[in-house]
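Read the structure below first, then the notes.
Since every read-out is calculated from the coordinates, none of them should be taken as a lab result. Since this is a predicted model, take the numbers as computed values, not measurements. Positions of Cβ are backbone-derived with ideal geometry, glycine not excepted, and every protein chain shown enters the neighbour counts.
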Amino acid sequence: MSSNITIDPKLDLVLDRLVPAPRAKLWRGWTEPALIKQWFAPLPWTITEAAIEPRAGGAFSFTMRSPEGQSFPNAGLLLEVVPQQKIVFTDTLVAGYRPSPPPLLHGRSHFGG
């Protein structure tokens, strides 16, 4: 992916945040599964599993657990990776740049199926 992407505010969600922390520590927090588990879910939710291949085309996956014990697996693809600077990812694609299957919520797809 190129950094010359045109953002469409009707279709795209962009989160941009300046965090006053050393770049190397932030990079580790986004690329090391053990560290992702510590911060990625909002409390009281937890991350029970995490995996990431920090390269363009690499996969990521994590499983969130609700306070009631329900598991919600998530998978996606890293679109652009600039070490120590940028990670662009999506959950609409998975390995091989294939479309993600619709998420299941209580046996029904997220889109009403």
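Got a sec? Charge dipole of region 44-100, +1 on Cβ for Lys and Arg, -1 for Asp and Glu; which of Tyr97, Phe62, Val82 is way out at the positive end?
Val82
Would you mind computing, in nm to one decimal, how far apart the modelled labels at Val88 and Gln70 are, each placed 7 Å from Cα along Cα→Cβ?
If labels sit at Val88 and Gln70, their model points lie 3.3 nm apart.
Per residue of region 36-43, what does 6.51 cos²θ - 1.76 cosθ + 1.60 with θ = phi - 60° give for ³J(HN,Hα)? Whole Hz please, x for Gly and Pro, Karplus curve as stated.
3J(HN,Hα) across region 36-43, in whole Hz: 4, 4, 7, 9, 6, 9, x, 4.
Helix-only estimate, please: 222 nm mean residue ellipticity of the chain, summing -39500 (n - 2.57) across DSSP H runs of length 4 or more and dividing by its residues, to the nearest 500. Before the final figure, lay out each step's value.
Details: 2 runs with 16 residues, N = 113.
Theoretical 222 nm ellipticity from helices: -4000 deg cm²/dmol.
Is there a quick way to get the dipole size of the chain? I mean about its Cα centre, with the Cβ of Lys and Arg at +1 and of Asp and Glu at -1; what is the value in debye to the nearest 20? Present the calculation step by step, with values, prior to reporting the outcome.
Details: 11 positive and 9 negative charges, 39 e Å.
Dipole about the Cα centre, nearest 20: 180 debye.
Kirkwood hydrodynamic radius for region 44-100: how many Å is it when counted over pairs of different Cα atoms?
Values: mean 1/r = 0.0837 Å⁻¹.
For region 44-100, inverting the mean 1/r across all distinct Cα pairs yields 11.9 Å.
Across every pair of different alpha-carbon atoms, what Kirkwood hydrodynamic radius in Å does the chain reach? List each step's numbers first, then the result.
Numbers: mean 1/r = 0.0642 Å⁻¹.
In the chain this quantity evaluates to 15.6 Å.
From the phi of every residue in region 82-91, what ³J(HN,Hα) in whole Hz does the Karplus formula 6.51 cos²θ - 1.76 cosθ + 1.60 yield, where θ is phi - 60° and glycine or proline is x?
Running phi through 6.51 cos²θ - 1.76 cosθ + 1.60 with θ = phi - 60° gives 10, x, 6, 10, 8, 9, 10, 9, 9, 9 Hz.
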